[in-house]
DNA sequence: GCCGTTTTCGGCCCGACTGTTTTCAGTCG
């Protein structure tokens, strides 16, 4: 998938144009095109081949030419032309908080600074304070920026950020002058990774709030404190920004602070067309500056003649247009989930017994649970032989009766290197549910990997393809695979795609979920792949992915009642 | 450079904060 490479190229061009001091709307145009391509679920090579590059919003004649050049030659003549004027390395300098395009260029021109190493040296000799429009304070600020950059963590998985955010929200709630608290930003939109935490507080006592915040025991360093916003670094090197507004602006501030930036820009453009102005304090009539909304988010959207839009959709991916048309999806909710169709037990590599898993599922209000332990070919995970599985099946039946709960006897088969499964089809058909996925030989070529998975699906015995792309967020890239071909095969064989809820996986990802639903009508199964009873609760992260993928209740297999589920499992088999 | 149920030309989100200024530019989100 070249999409990321093309997006990187356009972002680079945008940054270089900015350094050059080009028209800022041209700069924005390249960055916007990059964002659009990053969020594309179709490989850009396909669009190029079909002559459809211009159909990507934000891509016009000129940018299409640049993309073409890159796809055909593997490099970009335009980028090379730009780098003859401005060294590409300067983009790295802008990563330092406090250094933007103007300062980066100044540092280069005046002091020959091209990279972080050069900058560090210049800082230690106090060379920056004598530059035009800089002084000792700017120098100090950049020095601190460099330190922060070194220590600040990269984007972290949502699953790690969420507990920390909840802890901070609880901490702030204990203060009487704090009227409302909410975590915003990408966390509220439930993006798979989080860059920093954005916390919004409604209070009439800003100063006290700031003091309370910077006194949070997790704070390692205070980066900035102002009357309405401040930033700190936590002990885990995560940046947290706090914003305080008056209670009558809480809704508009919530809207503003949740983003995404692209979503906000679209809303503000709509406001302008209506003779209104939208900012974090409210919606105002331009003619007399009268505030017409701001206390709640619903009110803000309503002032723009829009229904409230769920945070998970706020990515400027068509949600505003659909909202305008009154056609937003009714997103699936946690309470719709009636069971988990892929969990392990201590029969293979899980740590809880079948009984413990079942009791936990019952406590969560589920109607059913599928025990899907590994099979023999996965030795490292204690995979079971057919004999063992038969034994397990009897026990599952017993527990099911004893607990008066629907426990499905299943397995997670391994899709072997050549596309075969652990057991012959006739054996697999004896299980009530067959989940299957790739667990080895990740480094095959894209063609081989695609062929392998398609072949497995075509056997017609797989109900659910587990963690379909094999990625581990921020750790292991998805294996090279043509998702379109897999979705096509899944559609034909009526195989469900898993949304694996483990915060490390979240696989299938949001964009592909939407594609699977809209272009192929495929049902998804939101599973935890839990290896312990505690991890059954991770289902909320899978639900978040489904919501970000625009899925409704009817699109999700495990929202089915027990009867409907049984029907589906049988039908898929026939 | 892109885009158009007001436009093929003239727009393109909005505000906080800081430092170096003599009224604002730069950075950030």
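Miscellaneous remarks
- Residue A:44 satisfies every condition listed in (1) surrounded by 16 or more Cβ atoms within 10 Å (Cβ to Cβ); (2) within 11 Å of DNA strand B (Cβ to nearest atom); (3) modelled with pLDDT of 95 or more except (2).
- Residues of the range A:124-154 satisfying the condition of being at pLDDT below 90, more than 9 Å from DNA strand B (Cβ to nearest atom) and not in a helix (DSSP H, G or I): A:152, A:153, A:154
- Test for residue A:103: is it away from DNA strand B (no atom under 14 Å from the Cβ) and outside any loop (DSSP other than H, G, I, E, B): no
- Subset tally (residues that are more than 9 Å from DNA strand B (Cβ to nearest atom), over 28 Å from the mean Cα position of the chain (by Cα) and crowded, with 16+ Cβ neighbours inside 10 Å) for the range A:261-287: 2
- Taking helices (runs of 4 or more DSSP H) as the structural unit, those lying wholly within the range A:288-369 and holding at least 3 residues that are within 26 Å of the chain's Cα centre (by Cα) and surrounded by 15 or more Cβ atoms within 10 Å (Cβ to Cβ) correspond to A:297-303, A:319-324.
- Scan of the range A:470-502 for residues that are in a loop (DSSP other than H, G, I, E, B), buried (at least 22 other Cβ atoms within 10 Å of the Cβ) and within 15 Å of the chain's Cα centre (by Cα), ordered by number: A:501
- Qualifying residue in the range A:462-469 (condition: free of Cβ contacts under 8 Å to residues at least 60 places away in the same chain, within 18 Å of the chain's Cα centre (by Cα) and in a loop (DSSP other than H, G, I, E, B)): yes
- Complete set of residues in the range A:235-252 that are closer than 29 Å to residue A:283 by Cα, more than 15 Å from DNA strand B (Cβ to nearest atom) and surrounded by fewer than 19 Cβ atoms within 10 Å (Cβ to Cβ): A:247
- Of the residues making up the range A:61-76, those that are without any contact (Cβ under 8 Å) to a residue 60 or more places away in the chain and either within 23 Å of residue A:1 (Cβ to Cβ) or away from DNA strand B (no atom under 13 Å from the Cβ) (or both) are A:63, A:64, A:65, A:66, A:68, A:69, A:72, A:73, A:74, A:75.
- Residues in the range A:86-100 that are near DNA strand B (Cβ under 9 Å from one of its atoms) and either surrounded by fewer than 21 Cβ atoms within 10 Å (Cβ to Cβ) or on the phi > 0 side of the Ramachandran plot (or both): A:94, A:95, A:97, A:98, A:100.
- Lone unmet requirement of (1) outside any helix (DSSP H, G or I); (2) near DNA strand B (Cβ under 10 Å from one of its atoms); (3) outside the structural domain of residue A:189 (by TED's automatic domain parsing) for residue A:257: (1)
The values are calculated or read from the model by the stated rules, or taken from the named source; none is laboratory data. Predicted, not measured: the structure shown is a model, and the values here were computed from it. Because the Cβ atoms are built from the backbone with ideal geometry, glycine has one as well, and the counts that use them run over all protein chains shown.
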